Amino acid sequence: MTKIESTIREIDYPQQSVYNMLSDLSHIEKVKDKLPEDKIDNLVFDTDSISISTPMGAVKMVIVDREEPKTIKFETEESPLPFNFWIQILPVTETTSKMKLTIKADLNPFISGMVKKPLQEGIEKIADALQMIHYE
């Protein structure tokens, strides 16, 4: 099992506000303009799922578990590489929190060697984007 984690990110919003925004994927509409245009080809989402076209093929993830206010877990429903993805949100103070993103995929050593660096870069870019959102 290959596990890839983002760096821990400080967020200037309370844990509950961050959870409320990220646990309902329909809120992506509010931040869609912050996403790079060339990276959001065929982005489709609703409350529980998100799909996007990537250079490797279509990827669709669905939320499979919500543990309010600290964890949101996703699984791929469609993907060239099946994986699990989750967002952990922990309080730091009453008005700030911290977040970490994790991907777990069952990859053979050859594939893991090829995709680990791009996945690490990708998860950091996602964390960058999530850190910049206004959660109120």
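Out of segment 3-103, which GluC sites (Glu not before Pro) are coil in DSSP terms and have no more than 16 other C-beta atoms within 10 Å?
Numbers: sites: Glu5, Glu10, Glu29, Glu37, Glu67, Glu75, Glu77, Glu78, Glu94; in loops: Glu94.
Of the GluC sites (Glu not before Pro), the ones in loops of segment 3-103 whose Cβ has at most 16 other Cβ atoms within 10 Å are Glu94.
With charges set only on the Cβ (+1 for Lys and Arg, -1 for Asp and Glu), what does the dipole of segment 81-136 come to about its Cα centre, in debye to the nearest 20?
On the way: 6 positive and 6 negative charges, 49 e Å.
Once rounded to the nearest 20, the dipole reads 240 debye.
Percent relative contact order of the chain, based on C-alpha pairs within less than 8 angstrom and at least six residues apart?
Averaging sequence separation for qualifying contacts and normalising by length gives 33 percent for the chain.
Percent of Cα-Cα pairs more than 24 Å apart in segment 17-136, please.
Working: 1774 of 7140 pairs.
Cα-Cα pairs of segment 17-136 separated by over 24 Å account for 25 percent.
Which stretch or stretches of segment 11-29 have amide N atoms under 11 Å from the point lying 7 Å from Val92's Cα along the Cα→Cβ direction?
Those under the cut-off are 11-14.
Starting from the Cα-Cα distance between Ser53 and Met1, subtract it from 0.36 nm times their residue separation and give me the gain in nm to one decimal.
Working: separation 52, 0.36 × 52 = 18.72 nm, distance 2.47 nm.
This chain segment gains 16.2 nm when fully extended.
Using only the alpha-carbon atoms, how far is helix 109-132 inclined from the longest principal axis of the chain? Give it as 0 to 90 degrees, nearest 10.
The helix 109-132 is inclined about 20 degrees to the chain.
Have a look at Leu130, Pro80, Phe110 and report the one farthest towards the positive end of the charge dipole of the chain, computed about the Cα centre with Cβ charges (Lys/Arg +1, Asp/Glu -1).
Result: Phe110.
The numbers here are math on the coordinates, done by the rules we state, and not lab data. All values reported here derive from a predicted model rather than from experimental measurement. Cβ atoms come from the backbone with ideal geometry, glycine included; neighbour counts cover every protein chain shown.
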